[in-house]
Amino acid sequence: MANNEEAQTAVKEALEDGWLKGGTLIGGKDKIRAVAQKVGLDTSPFEILDIDDPAMAAREAVAMMARGQGDFLLKGIIDTKYYLKAILDKEYAMVPEGNLLCHVALMQIPGYHKLVALTDVAINIYPGVEEKIKIVNNLVEVMHKLGIQKPKVAMICPVEKLNPKIESTVHANAVVEHFAGSNKCVVEGPYDTYIAMSKHAAQEKGVKGEVCGDADILVFPSLDSANPVYKLMNQFVAGIKSAAIVAGAKIPVILPSRADSAQTKKLSIALSSYLAQASQVKA
């Protein structure tokens with residue numbers, strides 16, 4: 001459903017920067033062209049499919065991915081339930097058996113020395129231990145494609161000690177035990193955000209670990225914790241940059257919030273383009 005100003009602006013800028021060479025715009029043809037005229041998007045490199053029904057548009061987009069007619073999906077003005085339902089449809093086999101979709105926000109935060117990924121800010125509401133293990137695997141795969149050979153994962157909790165009364169610490173402990181000795185990643189916790197992102201804070205609290213102050217991935221306990229952090233930082237942290245995708249599928253899936261800026265959508269396109277290319281090289 002490509003009649004969305006922010007999405008088309010992001011596509012326009014991604015074309016100008018060389019991250020895209022074309023694609024397919026799906027939705028009401030007249031609506032798409034009206035928005036394109038408004039934002040200045042040249043539609044000549046694109047095929048426009050005139051499908052104004054959201055569910056049908058989503059199914060056609062995913063079917064095209066299954067046929068190898070695209071590298072990634074970008075959500076326009078469509079309800080997330082139609083978008084994800086099509087992606088999860090077993091007819092198209094876009095999600096490998098046993099995989100779990102999760103949202104990944106890759107952020108450049110002023111004051112932090114490298115990119116950091118947050119999860120899950122949009123899909124999994126209250127993931128249990130098994131779900132969190134799958135989420136960590138998804139994030140580690142993304143980081144590997146970005147060239148980080150052994151990403152450092154912090155299981156974020158309100159406190160840094162196992163407390164049976166705080167379920168998130170119990171989950172964190174179980175996930176850490178699961179990945180103990182892994183050669184693909186380092187998983188530590190329970191850690192609060194101070195420990196995960198500040199070596200000084202970790203020292204002050206007497207916590208030692210490889211991940212302390214150097215986390216590549218922050219795994220939050222639930223949607224209730226991750227989503228507000230993501231939105232607060234995007235809204236109030238000057239100079240922050242973020243890209244957001246869904247991991248766990250065979251292709252990158254861009255699932256922006258309706259309130260996300262054109263810049264976030266543009267950077268999400270850049271990230272998806274890079275990951276799609278990395279997947280092809282690996283294959």
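The values are calculated or read from the model by the stated rules, or taken from the named source; none is laboratory data. Please read all numbers here as calculations on a predicted model, not as lab measurements. Glycine also receives a Cβ, built like all others from the backbone with ideal geometry; neighbour counts cover every protein chain displayed.
Of note:
- If the condition is being acidic (Asp, Glu), over 14 Å from the mean Cα position of the chain (by Cα) and under 22 Å from Met65 (Cα atoms), then the range 92-144 contributes only Glu97.
- Number of positions in the range 188-219 that are of a type outside the set (Val, Ile, Thr) and under 12 Å from Val116 (Cβ atoms): 7
- Test: residue in the range 99-119 that is surrounded by fewer than 16 Cβ atoms within 10 Å (Cβ to Cβ), closer than 12 Å to Ser222 by Cα and of a type in the set (Val, Ile, Thr): no
- Of everything in the range 210-220 that is under 16 Å from the mean Cα position of the chain (by Cα) and in a loop (DSSP other than H, G, I, E, B), the residue that is nearest to Gln149 (Cα to Cα) is Asp216.
- In the range 119-163, the residues that are touching a helix residue (DSSP H, G or I) at 6+ places or on another chain (Cβ under 6 Å), closer than 23 Å to Thr264 by Cα and among the hydrophobic types (A, V, I, L, M, F, W, C): Val121, Ile125
- Condition met for Gln108 (of a type outside the set (A, V, I, L, M, F, W, C) and in the same structural domain as Asn137 (by TED's automatic domain parsing)): yes
- Listed by position, the strands (runs of 3 or more DSSP E) inside the range 87-178 whose residues that are more than 14 Å from Gly189 (Cβ to Cβ) and in contact with a Lys or Arg (Cβ under 8 Å, 6 or more places away or on another chain) number at least 1 are 102-108.
- Which listed residue is of a type in the set (S, T, N, Q) and more than 16 Å from the chain's Cα centre (by Cα), from Gln277, Gln263: Gln277
- Filter pass, Ala243 being in the same structural domain as Ala66 (by TED's automatic domain parsing) and buried (at least 16 other Cβ atoms within 10 Å of the Cβ): no
- Criterion applied to Ala63, Ala34, Ala14, Ala55 was being buried (at least 18 other Cβ atoms within 10 Å of the Cβ) and in a helix (DSSP H, G or I), and the one residue passing it is Ala14.
- Total residues in the range 219-244 satisfying the condition of being β-branched (Val, Ile, Thr) and farther than 23 Å from Gly128 by Cβ: the figure is 2.
- Unmet criterion (only one of (1) among the small types (Gly, Ala, Ser); (2) without any contact (Cβ under 8 Å) to a residue 60 or more places away in the chain; (3) farther than 25 Å from Lys199 by Cβ) for Gly111: (3)
- Val176 vs. criteria surrounded by fewer than 24 Cβ atoms within 10 Å (Cβ to Cβ), of a type outside the set (Phe, Trp, Tyr), at pLDDT 95 or above and farther than 26 Å from Ala122 by Cα: no
- Residue among Gly189, Gly213, Gly239, Gly248 that alone is at positive phi and either out of contact with any helix residue (DSSP H, G or I) (no Cβ under 8 Å at 6 or more places or on another chain) or of a type in the set (D, E, K, R) (or both): Gly239
- Hits in the range 182-209 (condition: in a helix (DSSP H, G or I) and either touching a Ser or Thr at 6+ places or on another chain (Cβ under 9 Å) or among the aliphatic types (A, V, I, L, M) (or both)): Ile195, Ala196, Met197, Ala201, Ala202, Glu204
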